[in-house]
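Enquirer: Below are the structure tokens for one structure; questions will follow.
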Amino acid sequence: MSKFGHLDMAIICAGVGELNPKLELSTELATLSVNVNGWTNAIDSIYKIFEDQKSGHLVTITSVGGLQPTPMAPSYSASKAFQINYTKSLQQKSKGTTVVVTEIRPGLVNTRMAKGEGLFWVMPLDKVTNKIINAISHKKTLKIVTTRWRIINWVLKHFM
């Protein structure tokens, strides 16, 4: 900050998760450490900078995995639900200010973490990236990437 003087935007994408059907405590705690504690430390630090300078665009990358519990990775879904709700809280807090908070909520993306190459529900990284860039440039409040995941999000919200 001292070198550049002003921060315009920060994109926070913190997420780890492993399948954990046996509920190994170390696996659960490691996920929570990154996805809740580390993520919150980053978010709060950046948000305070934006508040102090009275402007900025905070972008959080959450996950549709936070909409429903998953018995194979409980800490992952719980931590992503935390991120979704924390982001919504910051959006409410920033209303009427010049701080913008955008939530990007992707479904499964073809990365090493998704472990599902070739599956219908796994989205190509380049397609997701283009949609994220578009949402950020338009300062959207929420962008669920892609259409199939927006439909799933709607179903989960209204029927589950």
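Enquirer: Counting pairs of alpha carbon atoms under 8 Å apart in space and at least six apart in sequence, what relative contact order in percent does the stretch 9-159 give? All intermediate terms of the calculation are to be shown ahead of the outcome.
Expert: Values: 231 pairs, mean separation 34.4, N = 151.
Contact order relative to length: 23 percent.
Enquirer: Here's something else I'd like to know. Could you check the spin-label model distance between residue 41 and residue 3? Points 7 Å from the Cα along Cα→Cβ, value in nm.
Expert: The answer from the label model is 2.1 nm.
Enquirer: Next question, about the same structure. Straight-line reach from residue 143: which aspartates and glutamates fall under 12 Å, measuring Cα to Cα and dropping same-chain residues less than 8 apart?
Expert: Cα-Cα hits under 12 Å: 103.
Enquirer: What is the dipole size for the chain, taken about its Cα centre, with +1 at each Lys and Arg Cβ and -1 at each Asp and Glu Cβ, in debye to the nearest 20? The partial results should precede the final answer.
Expert: Numbers: 19 positive and 10 negative charges, 113 e Å.
In total the dipole reaches around 540 debye.
Enquirer: What number comes out for the charge environment of residue 138, summing +1 per Lys or Arg and -1 per Asp or Glu over other residues with Cβ under 15 Å away?
Expert: Working: positive: 131, 139, 140, 143; negative: 103.
Here the count lands on +3.
Enquirer: While we're here: Can you give me the Cα centroid spacing of the stretch 53-85 and the stretch 19-38 in angstrom?
Expert: The distance from the Cα centre of the stretch 53-85 to that of the stretch 19-38 comes to 14 Å.
Enquirer: Students often get this wrong, so check it: of 54/140; 93/139; 80/140; 48/127; 3/95; 93/127, which have C-alpha atoms separated by over 28 Å?
Expert: Details: 54/140 19 Å; 93/139 16 Å; 80/140 19 Å; 48/127 32 Å; 3/95 30 Å; 93/127 31 Å.
Long pairs (Cα-Cα over 28 Å): 48/127; 3/95; 93/127.
Enquirer: Sorted by average packing, counted as other Cβ atoms within 10 angstrom per residue and highest first, what order do 66-72, 45-51 take? Walk me through the numbers before you get to the answer.
Expert: On the way: 66-72: 14.4, 45-51: 16.3.
Descending mean neighbour count gives 45-51, 66-72.
Values in this text are rule-based calculations from the coordinates and carry no lab data. Remember, predicted model here, so these are calculated numbers, not experimental data. Cβ coordinates were reconstructed from backbone atoms using ideal geometry, including for glycine residues, and neighbour counts include every protein chain displayed.
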